[in-house]
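All remarks here apply to the structure that follows.
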Amino acid sequence: MSFRPAGSRPAVLGYAVALVFALSAGMVWAQDAKPAAAASSAKPAAAASAAQPAAEKAPAAEAAPAGVKLGDATAGQGKAAACGACHGMDGNSSDPQYPKLAGQSEQYIVRQLTNFKSGKRQNPIMMGMAAPLSEQDMHDIGAYFATKSALPGVADQALVERGEQLYRQGDASKGVPACMACHSIDGRGNPGAMYPQLTSQHAQYIQATLKAMHDGAAWGDDAHAKIMPSIAQKLDEKDIAAVASYVEGLHAAEGGASKPATP
C-alpha cells in the first residue's frame, strides 16, 4: 500500500457517503516510507483491543434471495449507465460530493440499494434511482462496480499524523476503535460483513458522511447500521477531517512498491 500525501495541496474538505464509510494483509504501506510491520509493532495493545468489539459484532453476510443469482458484471454495465452521471461510468466520480463506487463490493452495494429502496436510508435522488431496481438488478450493478478500481487520491500532509493514528490505532482515550479493524489495513473493507471499501474515497464525501452520523443519521435500524453512528459520535470535527483526508490518500502502490507518492 502507498499513502499519497498532498504536500502543499490541501485535501478536499466540504460537503458530501458510505463510510463507503472501506484491504489485503500482504500489501504494504508507504507513509514516510515505513513498512507496515514496523509501524504495527509500535501500536499499543489497548487500541487493538478497543477495535475488537466492533469487529466481533460483524453480522454474517446474508444469502441471496431465492431465484436471485450472483451478480453478472456484463449485464450490470448496461444497468449501471444511469449511475454514471453522478458516480462516473467506471465508478470514479469526478464530483467529490458523490462517492466512488469503483472496487466497492457487490454485497455492500446491494445492501445500500436495498436500504434506499425500502426507505431505511434517506436520500431523495438515490431512493428514486433504487425504486425500480429488482434484486437481480442490484446484484448485477454491484458486480459491475466491483470489477473496477478506485483511482488514487491525495491527502493533506498536515492531517496525516492524526488521520493515520485514528485509522490504524484508533483512540482508546475516546473509545474509538481503529478503522482498519473493520475496513482492513489497506482500506478494501470486508465484503462478507458488508463493511465498505474506503481506500481512495473522496475526503469530502467521507467527511460529510461522518458529520451526518455524528449528528445522529443512520442507514437503517438494525445492529449493523448502528455501528458507525456510535463511533462517529465520539469524533470531533478535527478528527473527522483528519481521518477523511487520510482515507483519500490511501491506495495501492504500483508494482507493489512501498514508497510515498508525489502529487
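Each value in this text was obtained by applying a stated rule to the coordinates, not by laboratory testing. Remember, it's a predicted structure, so these values are computed and weren't measured experimentally. So basically every Cβ, Gly included, is an ideal-geometry build from the backbone, and we count neighbours across all protein chains shown.
Determine the dipole magnitude for region 102-148: charges of +1 sit on the beta-carbon of Lys and Arg, -1 on that of Asp and Glu, nothing else is charged, the reference point is the Cα centre, and the result goes in debye to the nearest 20. Don't jump to the answer; show the numbers that get you there.
On the way: 5 positive and 4 negative charges, 48 e Å.
The calculated dipole for region 102-148 is roughly 220 debye.
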Tail fraction, Cα-Cα pairs, region 147-221, threshold 16 Å, whole percent: 60
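Rounded, prolate or oblate, given the Cα gyration tensor of region 100-170, with a/c below 1.5 counting as rounded? Each step should come with its number before you reach the end.
Details: a/c = 2.77, a/b = 1.97, b/c = 1.41.
Prolate, since a/c reaches 1.5 and a/b exceeds b/c.
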Segment residue 224-residue 151, length gained on full extension (0.36 nm per residue, minus Cα span): 23.5 nm
